[in-house]
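Down below is the structure, laid out as structure tokens.
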């Protein structure tokens, strides 16, 4: 009777354990292959994604003490946890438009990740 829907569970798992890690992997590939301006934007996306993933996974490692974690956890909760996910994604999208960008397949994978995230989010809201 009070069980969550499978769509909500899929959204929570994707948002917490999959999205930022995949964004970090795509950003790392862009950092390795791109040239100057695109590489810098991808590096910012990589660092933001890794920091966000570290904050989300810190409770499982037992690293929740201190004021830095508290402030970071509050930031990761902005916009029901969606705003911090879009921040590294925005820098990765920016790197696609800057000179020196290569490997357009990364952009298609990034768009697919965004579609999955937003689709699961909207479905979990309206179901």
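Would you say residue 81 is surrounded by fewer than 18 Cβ atoms within 10 Å (Cβ to Cβ), under 12 Å from the mean Cα position of the chain (by Cα) and modelled with pLDDT under 95? Criteria met by residue 81.
For the range 1-30, name all the residues that are more than 21 Å from residue 80 (Cβ to Cβ) and either surrounded by 19 or more Cβ atoms within 10 Å (Cβ to Cβ) or touching a residue at least 40 places away in the same chain (Cβ under 8 Å) (or both). 24, 26, 27, 29, 30 - these are the residues of the range 1-30 that are more than 21 Å from residue 80 (Cβ to Cβ) and either surrounded by 19 or more Cβ atoms within 10 Å (Cβ to Cβ) or touching a residue at least 40 places away in the same chain (Cβ under 8 Å) (or both). The combined condition, being modelled with pLDDT under 95, in contact with a helix residue (DSSP H, G or I) (Cβ under 9 Å, 6 or more places away or on another chain) and assigned to a helix (DSSP H, G or I), is not fulfilled by residue 93.
Taken together, 87, 40, 28, 20 contain a single residue that is under 15 Å from the mean Cα position of the chain (by Cα), modelled with pLDDT of 95 or more, assigned to a helix (DSSP H, G or I) and farther than 29 Å from residue 127 by Cα, which is 28.
The values are calculated or read from the model by the stated rules, or taken from the named source; none is laboratory data. Everything numeric in this text was worked out from a predicted model, so none of it was measured. Cβ: placed from backbone, ideal geometry, glycine included. Neighbour counts: every protein chain shown.
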